[in-house]
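The values are calculated or read from the model by the stated rules, or taken from the named source; none is laboratory data. This is a predicted model, so every value here is computed, not measured. No Cβ is skipped: glycine too gets one built from the backbone with ideal geometry, and neighbour counts run over all protein chains shown.
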Amino acid sequence: MLLALDIGNTNVVVGVFDGKRLVARWRCATLRERTADEFAALMHQWFTMCELRFEQMDGMIVSSVVPPMNEMIERFAAEYCHVKPLFIGPGVKTGMAIEVEDPREVGADRIVNSVAAYELYGGPVIALDFGTATTLDAVSADGRYLGGAIAPGIAIAADALFRQAARLYRVDLVKPRRAIGRNTVSCMQSGIVFGYVGLVKELIHRIQAELGADAKVVATGGLADLIASEVPEITEVNPDLTLEGLRMIWERNR
């Protein structure tokens, strides 16, 4: 079995694969100060619920944009799973040409998403991830990674509004009934949600124009369903896109 970890700035997503089948999936908060023993205790609870054991793991692959956590993950892998984790980075075979000015600058999760999107849906394709940041990554018809766009995540943008405006307060990120709000809550929900819909649509249209084709758009991330329901340009929502990409890259490096 394969243990796949996607370590983001806000959450860590964990998946267990039996061959190509995703048999378990969990999410926890990203805590930079968490120790290997604490992480193992959390993982043990999850594994027990699914009748899994650490010793069943034949390998581990990690996509991380939080370098301070990498040493902890290495220690967890060695002490509890007795495997050496493969971290997405230079030297790892992705099967995709990275055609940007400095490939080392591209976040591991963006490459992983692009690999999965192209493998599952063909090209040209745009991988759209609603995470701490909202990222759009363009892959050509022949499978070359061309770059993309990075915008503040919807939760980050909303949090900045709550913190900087003294008379505004935190609201649920849900779609309002109408654009013209009749109270402060609905006004903020309109501005945040519908405003973000506009941001996403504009970026998709501009990237598609530069690709020279109506590229498919595959969305993932915690708020993908909220925005995708208002953006017909999004052709698919795949919550497991990053985990599937990790599995694919693991198979290419075995």
- Message: For region 190-216, give me the residue count where each residue is touching a helix residue (DSSP H, G or I) at 6+ places or on another chain (Cβ under 8 Å) and within 15 Å of Ala151 (Cβ to Cβ).
- Response: 5
- Residue check: is Pro232 in the same structural domain as Val115 (by TED's automatic domain parsing) and surrounded by fewer than 16 Cβ atoms within 10 Å (Cβ to Cβ)? yes
- Message: Restricting to region 215-226, count the residues that are within 15 Å of the chain's Cα centre (by Cα), closer than 25 Å to Arg178 by Cα and aliphatic (A, V, I, L, M).
- Response: 3
- Which condition does Arg252 not pass, out of (1) assigned to a loop (DSSP other than H, G, I, E, B); (2) at pLDDT 95 or above, if it passes all the others? (1)
- Message: Quick check on region 181-214: of everything there that is of a type in the set (Val, Ile, Thr) and over 19 Å from the mean Cα position of the chain (by Cα), which residue is farthest from Leu168 (Cα to Cα)?
- Response: Ile207
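Name the residues in region 170-189 that are touching a helix residue (DSSP H, G or I) at 6+ places or on another chain (Cβ under 6 Å) and modelled with pLDDT under 90, would you? Quick ask: steps written out before the conclusion?
Residues of region 170-189 that are touching a helix residue (DSSP H, G or I) at 6+ places or on another chain (Cβ under 6 Å), as a first pass: 170-171, 175-176, 179, 181.
Passing the criteria: Arg170, Val171, Lys175, Pro176.
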- Task: Out of the residues in region 81-133 that are surrounded by fewer than 22 Cβ atoms within 10 Å (Cβ to Cβ) and acidic (Asp, Glu), state the one that is nearest to Trp250 (Cα to Cα).
- Result: Glu119
- Message: For region 144-155, check the following and say yes or no: at least one residue is among the aliphatic types (A, V, I, L, M), more than 20 Å from the chain's Cα centre (by Cα) and on the phi < 0 side of the Ramachandran plot.
- Response: no
- Message: Need pairs with beta-carbon distance below 6 Å; first residue under 22 Å from Ile156 (Cα atoms) and within region 169-185, second at pLDDT below 85; sequence gap 6+ or separate chains.
- Response: Arg170/Phe162; Val185/Val171
